[in-house]
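**Student:** Can you read through this structure? Questions will come right after.
The values are calculated or read from the model by the stated rules, or taken from the named source; none is laboratory data. Treat the numbers as computed from the prediction; the structure is a model and nothing was measured. With ideal geometry, Cβ positions are generated from the backbone for all residues, glycine too; neighbour counts draw on all protein chains shown. In case anyone asks, the SASA skips ligands and DNA or RNA and just uses the protein heavy atoms, side chains included. Shrake-Rupley method; radii C 1.70, N 1.55, O 1.52, S 1.80 Å.
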Amino acid sequence: MTTGEPLSEREHQILEAVIRTYVETAEPTGSRTVARRFKLGISPATVRNTMSDLEEKGYLYHPHTSAGRVPTDMAYRLYVDSLMDRRALSEAERTSLRHELAAGGDVAAVERLLRRAAQVLGLLTQELGIAVAPRLDEAVLERLDLLPVSEAKVLLVMTLRAAGVRTVFVDVPASLPPSTLASVAHILNERLAGHTLRAIRGTLPDRLRDTVASGDPGSELLNVFLQSAEDWFAPVGTDELHLGSASVLADQPEFSSGERLRSLITLTESRDLLKSAVAGRVDGEGLKVTIGVEHRDPALSGFTLVTSEYHVGGLKGVIGVIGPTRMPYERVIAVVESTSSMVSDLLM
């Protein structure tokens, strides 16, 4: 987003006052309201002139014919970066948050905890809670087992560190005895265990090169692995998206009109769009706030996305909230940061 002209101390004070008032009321803010409420020691006329200057600089705008003004995306960006006071949740709030997260059942189950986190984030912030499961590309293979299913099919069971179990059906050219399956599984574990799925996909031919020409009954199965590694060790089904309840957003003034409400419904149904927007924030080094027109996709231009990373083992995921650009940023950021930290702790 383009940075506006530098602001004076008075302009900073009045811009902060307009933002705080608009966030609370959802109504365009007038100069008399600012002068009366914030006791800045200046007249309404001075406030009005300063607000006019802020409008010229791109921080405020007039909606329709209203006498009041509304913050722009650039104003919110300045507010988040420079004007607002960062706060942390109190100990009582953190205790309550931990209780709410644990209320969903087994907190060691990643998917269950993420579903609960998305719900809790939505309730606490009155925005749409959102969470994306860890990317399995960086999951470490702990163990691999091969189980006979039928004469032409074997079940490949992969145990992934901090990411549960993944199963894949493998078509085999002929019936293989359990001893051969055990031998092949031993070779695969010896060569592959302790490496990430990404590393296995990229190096499997090198790791198995001296095993496939041995002439034993398992060589054919090892050749099958070489030919299908891209499919079996790909992170299929990862980055699963979890959403809280959209009803909390539907009650906000921004969505009182039919058109805006339809945009909200479209957003919640566009799971690929949301997944892409959120999953792309892994490795974003902690908290990230994207406001309105800063989004790459125009469909998100009316929304702010606030996210933070959480960690499970060596994997990373993202949780946060999405809502209208008019949001109580101090509160939302504090809740998102505390929740991501707590989710990481609960998954240790």
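**Student:** Name the single residue, out of those in the stretch 129-169 being among the polar types (S, T, N, Q) and in contact with a strand residue (DSSP E or B) (Cβ under 9 Å, 6 or more places away or on another chain), that is least open to solvent (accessible area, probe 1.4 Å). Spell out the reasoning first.
**Tutor:** Start the filter on the stretch 129-169 by keeping residues that are among the polar types (S, T, N, Q), which leaves 150, 159, 167.
Subsequent filtering for residues that are in contact with a strand residue (DSSP E or B) (Cβ under 9 Å, 6 or more places away or on another chain) retains 159, 167.
On the way: T159: 41, T167: 84 Å².
Filtering first and then ranking leaves T159.
**Student:** Evaluate the following for L221: is it modelled with pLDDT under 85 and buried (at least 19 other Cβ atoms within 10 Å of the Cβ)?
**Tutor:** Details: modelled with pLDDT under 85: yes; buried (at least 19 other Cβ atoms within 10 Å of the Cβ): yes.
Yes.
**Student:** Out of (1) in contact (Cβ under 8 Å) with a residue 12 or more places away in the chain; (2) out of contact with any Lys or Arg (no Cβ under 9 Å at 6 or more places or on another chain); (3) among the polar types (S, T, N, Q), what's the single condition that is false for T125?
**Tutor:** Failed condition: (2).
**Student:** A further question on this structure: Identify the residue in the stretch 184-209 that is of a type in the set (K, R) and surrounded by 14 or more Cβ atoms within 10 Å (Cβ to Cβ) and, among all such residues, is nearest to L147 (Cα to Cα). Spell out how you get there, then give the answer.
**Tutor:** First, pick out the residues of the stretch 184-209 that are of a type in the set (K, R): 191, 198, 201, 207, 209.
In the following step, the residues that additionally are surrounded by 14 or more Cβ atoms within 10 Å (Cβ to Cβ) were identified as 191, 198, 201, 207.
Values: R191: 19, R198: 24, R201: 22, R207: 22 Å.
So the residue we want is R191.
**Student:** Consider the stretch 23-34. How many of its residues are more than 15 Å from L83 (Cα to Cα), assigned to a helix (DSSP H, G or I) and open to solvent by 20 Å² or more (accessible area, probe 1.4 Å)? Break it down stepwise before answering.
**Tutor:** The initial filter retains those residues of the stretch 23-34 that are more than 15 Å from L83 (Cα to Cα), namely 24-34.
Then drop every residue that is not assigned to a helix (DSSP H, G or I), which leaves 24-25, 31-34.
Next, from what is left, pick out any that are open to solvent by 20 Å² or more (accessible area, probe 1.4 Å): 24-25, 32-33.
Qualifying residue count, the stretch 23-34: 4.
**Student:** Does G129 meet the test of being of a type outside the set (F, W, Y) and more than 30 Å from V336 (Cα to Cα)?
**Tutor:** Working: of a type outside the set (F, W, Y): yes; more than 30 Å from V336 (Cα to Cα): no.
Taking the combined requirement at face value, the residue does not satisfy it.
**Student:** Continuing with this model, one more query. Could you tell me which of the residues S340, S344 is open to solvent by less than 10 Å² (accessible area, probe 1.4 Å), assigned to a helix (DSSP H, G or I) and not aliphatic (A, V, I, L, M)?
**Tutor:** Unique residue meeting the criteria: S340.
**Student:** Name, by its number, the condition in (1) more than 25 Å from N223 (Cβ to Cβ); (2) out of contact with any strand residue (DSSP E or B) (no Cβ under 6 Å at 6 or more places or on another chain) that does not hold for T180.
**Tutor:** Evaluating T180 over (1) more than 25 Å from N223 (Cβ to Cβ); (2) out of contact with any strand residue (DSSP E or B) (no Cβ under 6 Å at 6 or more places or on another chain) leaves (1) as the failure.
**Student:** Name every residue in the stretch 48-94 that is hydrophobic (A, V, I, L, M, F, W, C), open to solvent by 70 Å² or more (accessible area, probe 1.4 Å) and not in a loop (DSSP other than H, G, I, E, B), in order of residue number. Working first, answer last.
**Tutor:** So the first thing to find is which residues in the stretch 48-94 are hydrophobic (A, V, I, L, M, F, W, C), and the list is 51, 54, 60, 67, 70, 74-75, 78, 80, 83-84, 88-89, 92.
After this cut, where a residue has to be open to solvent by 70 Å² or more (accessible area, probe 1.4 Å) as well, the list is 67, 88, 92.
A92, the sole residue that qualifies.
**Student:** I've got another one for you. Does any residue in the stretch 299-319 that is among the β-branched types (V, I, T) come within less than 7 Å, Cβ to Cβ, of a residue that is part of a strand (DSSP E or B) and open to solvent by 30 Å² or more (accessible area, probe 1.4 Å) six or more places away or on a different chain, and which pairs are these?
**Tutor:** Close Cβ pairs satisfying both conditions: T307/K288.
**Student:** Looking at Y22, is it in contact with a helix residue (DSSP H, G or I) (Cβ under 6 Å, 6 or more places away or on another chain) and at pLDDT 95 or above?
**Tutor:** On the way: in contact with a helix residue (DSSP H, G or I) (Cβ under 6 Å, 6 or more places away or on another chain): no; at pLDDT 95 or above: yes.
No: the conditions fail for Y22.
**Student:** Test L97 against the stated conditions and say whether it is surrounded by 19 or more Cβ atoms within 10 Å (Cβ to Cβ), over 20 Å from S341 (Cβ atoms) and over 17 Å from the mean Cα position of the chain (by Cα).
**Tutor:** Numbers: surrounded by 19 or more Cβ atoms within 10 Å (Cβ to Cβ): yes; over 20 Å from S341 (Cβ atoms): no; over 17 Å from the mean Cα position of the chain (by Cα): yes.
Against the criterion (surrounded by 19 or more Cβ atoms within 10 Å (Cβ to Cβ), over 20 Å from S341 (Cβ atoms) and over 17 Å from the mean Cα position of the chain (by Cα)), L97 does not qualify.
**Student:** For R115, which of the numbered conditions (1) under 25 Å from S276 (Cβ atoms); (2) touching a helix residue (DSSP H, G or I) at 6+ places or on another chain (Cβ under 9 Å) fails to hold?
**Tutor:** If we test R115 against (1) under 25 Å from S276 (Cβ atoms); (2) touching a helix residue (DSSP H, G or I) at 6+ places or on another chain (Cβ under 9 Å), just (2) comes out false.
**Student:** Now, a different point. With the structure loaded, tell me whether I14 is surrounded by 15 or more Cβ atoms within 10 Å (Cβ to Cβ) and assigned to a helix (DSSP H, G or I) or whether it fails that test.
**Tutor:** Values: surrounded by 15 or more Cβ atoms within 10 Å (Cβ to Cβ): yes; assigned to a helix (DSSP H, G or I): yes.
Against the criterion (surrounded by 15 or more Cβ atoms within 10 Å (Cβ to Cβ) and assigned to a helix (DSSP H, G or I)), I14 qualifies.
**Student:** Tell me whether the stretch 139-147 contains one or more residues that are under 24 Å from K316 (Cα atoms), of a type in the set (D, E, K, R) and touching a Ser or Thr at 6+ places or on another chain (Cβ under 7 Å).
**Tutor:** Here is the first cut: in the stretch 139-147, the ones under 24 Å from K316 (Cα atoms) are 139-144.
Filter again for of a type in the set (D, E, K, R), leaving 142-143.
This time we only want the ones that are touching a Ser or Thr at 6+ places or on another chain (Cβ under 7 Å), so: 142-143.
Yes - at least one qualifying residue is present in the stretch 139-147.
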